[in-house]
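Report on one structure; see the data block that follows.
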Amino acid sequence: MAWLNQISPKSCRSLAQSRWMKLLIIEDENSLRRSIAAYFDQEGFLCEQAGSYGEGVQKAEGFQYDCIILDINLPGGSGLQLLDYLRKDKKTEGIIIISARDAVEDRITGLDLGADDYLTKPFHLSELFARVKALIRRKYAAGNNILEFEKLKLDLSLKTLTYNSEQVSLTKNEFEVLLFLLTNKNRVVSRQAIAEHIYGEQTDNLASFDFVYSHIKNIKRKLKEKGAGELLQAVYGLGYKISI
Amino acid sequence: MSKTLQQKNTRYLLTWLPIVLLIGSGLFFLILTGHADHMQEKQLELKQQNIWKAFTVSGESMPMKIEGEYALQKMTAASEQIKPKPIATDSGYTILSKQYLLNGQTYVLTTFVTSKEYTHLLIKVFATEIIIFILILVTIIVVNRSSSRRLWRPFYETLHATGNYDVVQSPAFKLPPETGIIEFDQLNKELSLLIGNVNKAYNSQKQFVENASHEIQTPLAIIRSKLDLLINEKGLTEGTALLLSDITQANDRLSQMNKSLLLLAKIDNNQFPEMEQVNVSLLLNDLIANYEALYDNFPATELKIQEEVYIHANPSLIEALFSNLIKNAVVHNNPGGYIKVFLKKGECMIENSGQNISTDPQTLFERFHKGNAASKTTGLGLSLVKQIAQLYGMKTDYSYLNDIHSFRLSF
């Protein structure tokens, strides 16, 4: 999306229906950090990267971000220390911890120190993206819980969907699947990512993705009944994609 | 057949001591009768001497016969020669006859001693000996038993301590270094050393599994993120998509296995100290409802779940336990099969229809064991169940009969 860089911020805002989101990724694993940056770049985020505790502090202090993605194990210090430091410094950015440690205590410690969310490695980039989007929505779009994509309108607090102002009744899980796909619109989202998004850690125990398929089938059918076109596409057995 | 040291020892003593004592008694009897015969002969000879002396002095005025003492007879020439040997007669006497010559006349002098007293004495002495021998036998066995009990006590203490040792449950192992017996001191020392090494090896293995699982998380996360990017590349063909799909599945299975291993290692390392009263009735209902939503052709269920059944344990672990049991019943079911779940206080039973398994049911609980080689499971689910059950002292039981698998959990 290099062409976007040549467009003035004002036109970008109208294009993305909001201002440019700034993201700081503090993660010592180069390869993983680059993946995250690439994914968010494609979604029109401005990504800054830091590979160590010191670099993280420096970048977090120098600029204002919308969201910080923070790894716990960092060279030069722990991500939790960094989190504590930022919160004491009255930094109010949304912070999502990504960590290989999945013990409940780690999660609680992180959230107690003021993190907004906690994601365990390995995660799907689509999941991280959805978490960041949800966080930004919570933090900056206070009161506005309506998401609109063309004729689709999702009310996030009531969990209802209308198409062309017509009510489409979805189950809770179908709603979540649709929201997840819409958040990652124009991208292929893997079946595994959808499964994990809906059932969280428990998906580890699943040997079947039947339910993803049946949710998608139901959503497709319900949208079709209201006259929506083929919004949802299956991509070669890899996953699904909503193109708008 | 194995017997205790004491039983063995007593048995040896009871076999060999009586034999030795019997031979001893026989010898004793022979020697005793030998001595007694000798004494009798001497007595008879002494009597002969005295009587013959008296006869030579007083001549025929002396009575020729006194019953039970002696008898003198004149011998005719035709009389045969007699041997001077003591002979036992039927009348209760032992006699000795000798020939003497006085004034050209040959006399036969026979002396008598009673053999009744002699037999009585023999019997009495022999009976006393038997009583003493039995006393010795009993004393030896009793003393031996009590002394061996005392001697072997440190050994039994060591045995007991070793029996209670468990590398997972109770790795603390303490043996007294001083027992007062060099062999047992040495045994305790060697055992302590051995078990110290076992603990060390087990701990480093636990640590290794946990560290390895942690380290594997990051590359797994990288692969997963790259796959997420890759499936969004432009110009994806169906062929590459299929490859990517396979890679994604393999990678997910790897992550899943790794997470299970990490969980196992954490249980081993006692990293779930928080305990609370977990409502199993609610948990089971929730889990089954969740799984029903996850699978298209979920087996028919029959639930008999008593309300308000609690287990005092870590909630995440209890959830993992029941989740794995139910998942197991779903995944290894037949198409159109069923699941029955019974829960009451202290017991939960999960029954499902399913195909025959050829392996020993106990091996199902081992890590990486799979009942069905083709199934895309990690082979860690039931070993997790076992580990968690063990942690909280619950009992797991598996049985298979007529295409029905049933798991029973007693808590």
- Scanning the range B:237-256 for residues that are within 15 Å of A:Ser190 (Cα to Cα) and either among the small types (Gly, Ala, Ser) or part of a loop (DSSP other than H, G, I, E, B) (or both), the one farthest from the other protein chains (Cβ to nearest Cβ) turns out to be B:Ala250
- Note on the structure: Only one of B:Lys234, B:Lys266, B:Lys259, B:Lys226 is over 30 Å from the mean Cα position of the chain (by Cα), outside any helix (DSSP H, G or I) and within 14 Å of chain A (Cβ to nearest Cβ), namely B:Lys234
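Tell me, yes or no, whether the range A:217-232 has at least one residue that is within 14 Å of chain B (Cβ to nearest Cβ) and over 17 Å from the mean Cα position of the chain (by Cα). Steps first, please.
First pass over the range A:217-232, keeping only residues within 14 Å of chain B (Cβ to nearest Cβ): A:217-218.
Those still in the list that are over 17 Å from the mean Cα position of the chain (by Cα) too: A:217-218.
Yes, the range A:217-232 has at least one match.
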- Message: Quick check on B:Lys304: is it among the basic types (Lys, Arg), touching a helix residue (DSSP H, G or I) at 6+ places or on another chain (Cβ under 7 Å) and either at pLDDT 85 or above or closer than 30 Å to B:His214 by Cα (or both)?
- Response: no
- Item | helices (runs of 4 or more DSSP H) wholly inside the range A:148-240 that include at least 2 residues being among the aromatic types (Phe, Trp, Tyr) | A:172-183, A:210-225
- Of the listed residues (B:Ile87, B:Ile95, B:Ile141), the one being touching a helix residue (DSSP H, G or I) at 6+ places or on another chain (Cβ under 6 Å) and either surrounded by 11 or more Cβ atoms within 10 Å (Cβ to Cβ) or of a type outside the set (A, V, I, L, M, F, W, C) (or both) is B:Ile141
- Item | The lone exception for B:Leu17 - which of (1) modelled with pLDDT of 85 or more; (2) loosely packed, with under 15 Cβ neighbours inside 10 Å; (3) under 60 Å from the mean Cα position of the chain (by Cα) it fails | (2)
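Within the range B:33-42, is there a residue that is surrounded by fewer than 10 Cβ atoms within 10 Å (Cβ to Cβ), more than 30 Å from B:Pro18 (Cα to Cα) and at pLDDT below 90? Break it down into steps so the answer makes sense when it comes.
So the first thing to find is which residues in the range B:33-42 are surrounded by fewer than 10 Cβ atoms within 10 Å (Cβ to Cβ), and the list is none.
Scanning the range B:33-42, I find no residue that is surrounded by fewer than 10 Cβ atoms within 10 Å (Cβ to Cβ), more than 30 Å from B:Pro18 (Cα to Cα) and at pLDDT below 90, so the answer is no.
Is it true that B:Leu384 is crowded, with 20+ Cβ neighbours inside 10 Å, within 12 Å of chain A (Cβ to nearest Cβ) and either among the charged types (D, E, K, R) or more than 30 Å from B:Pro273 (Cα to Cα) (or both)? Quick ask: steps written out before the conclusion?
Values: crowded, with 20+ Cβ neighbours inside 10 Å: yes; within 12 Å of chain A (Cβ to nearest Cβ): yes; either among the charged types (D, E, K, R) or more than 30 Å from B:Pro273 (Cα to Cα) (or both): no.
Considered against the rule, which asks whether it is crowded, with 20+ Cβ neighbours inside 10 Å, within 12 Å of chain A (Cβ to nearest Cβ) and either among the charged types (D, E, K, R) or more than 30 Å from B:Pro273 (Cα to Cα) (or both), B:Leu384 comes out as no.
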- Task: Kindly indicate whether any position in the range B:323-330 is under 30 Å from A:Val212 (Cα atoms), touching a helix residue (DSSP H, G or I) at 6+ places or on another chain (Cβ under 6 Å) and of a type in the set (D, E, K, R).
- Result: yes
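The values are calculated or read from the model by the stated rules, or taken from the named source; none is laboratory data. What you are looking at is a predicted structure, and each value in this text was computed from that prediction instead of being measured. Counting neighbours? That spans all protein chains shown, and the Cβs are built from the backbone with ideal geometry, glycine included.
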